[in-house]
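Input: a single structure, listed below in C-alpha cells.
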Amino acid sequence: MTSTPHHTSALVLFSGGQDSTTCLAHALSRFERVETIGFDYGQRHSVELQARQVVLRELRQCFPVWSMRLGEDHMLDLAVLGKVSDTSLTRDMAFRMEESGLPNTFVPGRNLLFLTLAAALAYRRGIQVIVTGVCETDFSGYPDCRDDTMKALQVALSLGMDHRFLIDTPLMWIDKAETWRMAHELGEASQVQGGGQALVDLIVEHTHTCYLGDREHRHAWGYGCGTCPACELRARGWDRYRAGS
C-alpha cells in the first residue's frame, strides 16, 4: 500500500521509536502536510511518550524542509486498553511465549484501536493517508501487523466513515537492517547536507524501543536494556545494517 500523487496529507502513528520515526520521515518526504498521533495505553515503557517530543523537536531543528510540513501532534489517552490487557507490555511480568504461539508482548486489539481512532481523527482533520510502521518481516507474529489486516481495516474504515482512507505501511516487507537503510536514504534526500547520517544519528540517540523503558544503558544502536525482544531486534538490525554499509 503506497501513496499516490493526489494525496497531500498524512497522519503518522508515532510512538517515538525507530520504526515510527522512519515512517514519519517517509511521510515528510512525500506529503505537504503531516500530523502525528500517539497513544498512552499504560505501557510499561512509557518513557517513549517523552521520547516522542524530543524526536519531533530534533526533526524540526535538523530538517528545515520537513519542519515546514510537520503539523500538529495529537496524544490520546487509551488507559482502558491497559486495563483490559494482561500482557508484558502493560503488566510487570517476564517476557515469554504463550500457548497460542504468540509472545506475551502481544496486546490484543491494540493496532485495531489505534487505527480506528487515527482514522476518526484523520476524518476530522481532513487527512487522507494514515501511515503506520507495522510489518510482516521483523515481527513477532502479531496478527494485527499483517498486510491482510491492514487491507481489511482500510476497507472497513473507508466504508464505515464514508471517507476513502489509504493505510500506508512503508515497512511492511522490509527487515530492521533495511529500516535503518531506509532512514539513511530518506535523510539523504531531505536537502540537508549529511542528512542521511544525521537522521540515523537522531534515531540512535533520541528514539526509544526498549520494552523495559531503559534510558541508562547506551549501545551503538541507542538506549535500552539490550535483552528484551525489542532491543534484540533493533541490535540485530543495526549490526546487519552496519555490516552492509
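The values are calculated or read from the model by the stated rules, or taken from the named source; none is laboratory data. From a predicted model like this one, the values you see are computed outputs, not experimental measurements. Heads up, the Cβs are rebuilt from the backbone with ideal geometry, glycines too, and the neighbour counts pull from every protein chain shown.
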query: Can you tell which of 203, 130 is in a strand (DSSP E or B) and either of a type in the set (Gly, Ala, Ser) or surrounded by 18 or more Cβ atoms within 10 Å (Cβ to Cβ) (or both)?
result: 130
Number of the exception - residue 144 against (1) closer than 29 Å to residue 69 by Cα; (2) touching a Phe, Trp or Tyr at 6+ places or on another chain (Cβ under 9 Å); (3) surrounded by 15 or more Cβ atoms within 10 Å (Cβ to Cβ): (1)
task: Considering only residues that are assigned to a loop (DSSP other than H, G, I, E, B) and under 18 Å from the mean Cα position of the chain (by Cα), look in region 67-89 and name the one that is modelled with the lowest pLDDT.
output: 89
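So is residue 100 of a type outside the set (Val, Ile, Thr), under 26 Å from residue 229 (Cβ atoms), at pLDDT below 95 and out of contact with any helix residue (DSSP H, G or I) (no Cβ under 8 Å at 6 or more places or on another chain) or not? Steps first, please.
Working: of a type outside the set (Val, Ile, Thr): yes; under 26 Å from residue 229 (Cβ atoms): yes; at pLDDT below 95: yes; out of contact with any helix residue (DSSP H, G or I) (no Cβ under 8 Å at 6 or more places or on another chain): yes.
It is true that residue 100 is of a type outside the set (Val, Ile, Thr), under 26 Å from residue 229 (Cβ atoms), at pLDDT below 95 and out of contact with any helix residue (DSSP H, G or I) (no Cβ under 8 Å at 6 or more places or on another chain).
Residue 178: part of a helix (DSSP H, G or I) and either out of contact with any Leu (no Cβ under 6 Å at 6 or more places or on another chain) or surrounded by 20 or more Cβ atoms within 10 Å (Cβ to Cβ) (or both), yes or no?
Numbers: part of a helix (DSSP H, G or I): yes; either out of contact with any Leu (no Cβ under 6 Å at 6 or more places or on another chain) or surrounded by 20 or more Cβ atoms within 10 Å (Cβ to Cβ) (or both): yes.
Against the criterion (part of a helix (DSSP H, G or I) and either out of contact with any Leu (no Cβ under 6 Å at 6 or more places or on another chain) or surrounded by 20 or more Cβ atoms within 10 Å (Cβ to Cβ) (or both)), residue 178 qualifies.
Suppose the filter is aromatic (Phe, Trp, Tyr) and surrounded by fewer than 20 Cβ atoms within 10 Å (Cβ to Cβ); does residue 173 pass it? Don't jump to the end; show me each part of the working.
Details: aromatic (Phe, Trp, Tyr): yes; surrounded by fewer than 20 Cβ atoms within 10 Å (Cβ to Cβ): yes.
Spelling it out, residue 173 is indeed aromatic (Phe, Trp, Tyr) and surrounded by fewer than 20 Cβ atoms within 10 Å (Cβ to Cβ).
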- prompt: What are the residues in region 22-43 that are more than 19 Å from residue 121 (Cα to Cα) and of a type outside the set (Gly, Ala, Ser), if any?
  reply: 22, 26, 30, 43
- prompt: Checking residue 183 against (1) under 19 Å from residue 54 (Cα atoms); (2) of a type in the set (A, V, I, L, M); (3) exposed (fewer than 15 other Cβ atoms within 10 Å of the Cβ), which test does it fail?
  reply: (3)
- prompt: Which of the residues belonging to region 144-175 are part of a helix (DSSP H, G or I) and either in contact (Cβ under 8 Å) with a residue 12 or more places away in the chain or in contact with a Lys or Arg (Cβ under 9 Å, 6 or more places away or on another chain) (or both)?
  reply: 144, 145, 147, 149, 150, 151, 153, 154, 157, 158, 161
task: Give the residue that is surrounded by the fewest Cβ atoms within 10 Å (Cβ to Cβ), with candidates limited to residues of region 27-44 that are over 12 Å from the mean Cα position of the chain (by Cα) and more than 17 Å from residue 108 (Cα to Cα).
output: 32
query: What residue, of 107, 131, is under 22 Å from residue 227 (Cβ atoms) and modelled with pLDDT of 55 or more?
result: 107
